[in-house]
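The values are calculated or read from the model by the stated rules, or taken from the named source; none is laboratory data. Note that the structure is predicted; figures quoted are calculated from it, not measured. Using ideal geometry, Cβ is built from the backbone for each residue, glycine included, and neighbour counts are taken over all protein chains shown.
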């Protein structure tokens, strides 16, 4: 998956904003104020940190060489996914959405309901 494809899919989710709080090389994607993806825009090979349900995170690491514990993140809840590895594009898109959903699930009921309603539109 290319950086452009990753960005296009991730920013198609509801209320996604972007910034570079850690410097110009790391793009941070948020919904409302919560981070759900970080991607090194100048790092090769391309890789992204995505939030993941803990048991699933471990399973993905066992199944794919291109999924490792989240670099500089809480390794229980974050994976680093190499975008040009053995991880198929459709799965990467699903993992982006899963990360967004994990972040939204931790929000207040009001925020969660508003965001999920936008997702189903």
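Only one of these conditions is not met by residue 112: (1) modelled with pLDDT under 95; (2) out of contact with any strand residue (DSSP E or B) (no Cβ under 6 Å at 6 or more places or on another chain); (3) closer than 25 Å to residue 2 by Cα. Which number is it?
(3)
Give region 41-59 a look and list any residue that's without any contact (Cβ under 8 Å) to a residue 24 or more places away in the chain and touching a strand residue (DSSP E or B) at 6+ places or on another chain (Cβ under 6 Å), or say none.
Of everything in region 41-59, just one residue is without any contact (Cβ under 8 Å) to a residue 24 or more places away in the chain and touching a strand residue (DSSP E or B) at 6+ places or on another chain (Cβ under 6 Å), namely 57.
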